[in-house]
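Please treat every number below as a calculation from the coordinates, not as lab data. For clarity, every value in this text was computed on a predicted model and none was experimentally measured. Positions of Cβ are backbone-derived with ideal geometry, glycine not excepted, and every protein chain shown enters the neighbour counts.
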Amino acid sequence: MEEHYGARFFGEREAAVYEDHLADMFDAAVVTPIVETLADLAGQGRALEFGIGTGRIALPLAKRGVRVQGIDASEAMVARLRAKPGGKEIDVTIGDFSTSRVEGQFSLVYLVFNTIFNLITQDEQVACFQNAAGHLDAGGRFVVELTVPELQLLPPGQTINVIGVDARAMSFDVYDVVTQRLTSHHFVMSEERFSSYPVEGRYAWPSELDLMARLAGLRLRDRWGGWQREPFTSLSRSHVSVYEKP
Ligand SMILES: C[S@@+](CC[C@H](N)C(=O)[O-])C[C@H]1O[C@@H](n2cnc3c(N)ncnc32)[C@H](O)[C@@H]1O
């Protein structure tokens, strides 16, 4: 497993820098609205995070009183979760969230921070929806947070979209509109070295995800432009989609 996912994208090397490079994503201003919304959707039931990582969301959600479990392919990421206060109390299964089954039923399964795009084929993404649905109680919710593919920024023939450049780091997304493959390149520079952290993925439009949900017996209940439940519009750069098991 570590070979397949962790070593390619979230092995020891990536886990060692994850929280430094993404410090902004751990800010309370980012995390609190996510945790509040997920706690509200979980209600009195249990929550399962696909791609739990180092516990950015799971730990504060558990602290908020929700019983949380997780699945992640990366031992290295999960080791960091377990080393944090409260980390050992969260039950994490090492495995692929498109296929791994954990015991019990949940009122909420959630998959944040574009992580479903880490599945690089449509079949795997369809399987992920089916796996989420299989873990849900009737009335349970599957919540997916994703960026909207930035294809409107690309004229025909151009494949590269610059995400950000400063004196220390550069990030680019490279799109293949035939295969829907999306490679995010992150380059980080310091006095001593120049490091590259590529992440391979497959992008999908919200409508394709809705169809995957239907194949899994789920239906779209809400789509917001963000965690404050902002309206989703043609200008939204990301979406939070809430699917429900009837
Ligand atoms: C961008 S990190 C997000 C971690 C955490 N959810 C957060 O918001 O900080 C993606 C996580 O998903 C895990 N992951 C990626 N693909 C996976 C798969 N197919 N099965 C299980 N875990 C996977 C990675 O190991 C990593 O820990």
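Here are a few things to note about the model shown:
- Neighbour counts of C-beta atoms inside 10 Å place 66, 240, 126 in the sequence 126, 66, 240, starting with the fewest.
- Around residue 111: net Lys/Arg minus Asp/Glu count, Cβ-Cβ under 12 Å: -2
- Theoretical gain in end-to-end length, residue 16 to residue 189 [0.36 nm per residue, Cα-Cα removed]: 60.7 nm
- In order along segment 149-154, phi translates into HN-Hα couplings of x, 8, 5, 5, 7, 9 Hz, rounded to whole numbers, per the Karplus curve 6.51 cos²θ - 1.76 cosθ + 1.60 with θ = phi - 60° and x for Gly and Pro.
- Extending 7 Å from Cα along the Cβ direction at residue 123 and again at residue 28 yields two label points whose distance is 4.7 nm.
- Each of 189, 170 was scored by other Cβ atoms within 10 Å of its Cβ. Listed from fewest to most, they are 189, 170.
- Partners of residue 88 within straight-line reach, counting aspartates and glutamates whose Cα lies under 14 Å from its Cα and excluding those fewer than 8 residues away in the same chain: 75.
- Around residue 151: net Lys/Arg minus Asp/Glu count, Cβ-Cβ under 14 Å: -1
- Computed on segment 83-213, with alpha-carbon pairs under 8 angstrom and 6+ residues apart, the relative contact order is 22 percent.
- Here the Karplus curve 6.51 cos²θ - 1.76 cosθ + 1.60, taken at θ = phi - 60°, turns the phi angles of segment 113-123 into couplings of 6, 6, 6, 5, 5, 5, 7, 9, 10, 4, 4 Hz, with x standing for Gly and Pro.
- Averaging Cα coordinates gives a centre for segment 102-127 and one for segment 9-34; these two points are 19 Å apart.
- Ranked by the mean number of other Cβ atoms within 10 Å of their residues, highest first, the peptides 54-64, 79-89 come out as 54-64, 79-89.
- Under the shape rule built on the C-alpha gyration tensor, where the axes satisfy a ≥ b ≥ c, segment 152-196 is prolate, since a/c reaches at least 1.5 and a/b is greater than b/c.
- Neighbours of residue 98, meaning other residues whose beta-carbon lies under 10 angstrom from its beta-carbon, give a summed charge of -3 when Lys and Arg score +1 and Asp and Glu score -1.
- Phi-based couplings in Hz for segment 155-165 (Karplus 6.51, -1.76, 1.60; Gly and Pro marked x): x, x, x, 8, 10, 10, 10, 7, 8, x, 9
- For the chain, share of DSSP beta bridges that run antiparallel, in % to the nearest 5: 65 percent
- Exposure proxy order (Cβ contacts within 10 Å, fewest to most) of 185, 135, 239: 185, 239, 135
- Projected area, mean over directions - the chain, Cα convex hull, nm²: 13.3 nm²
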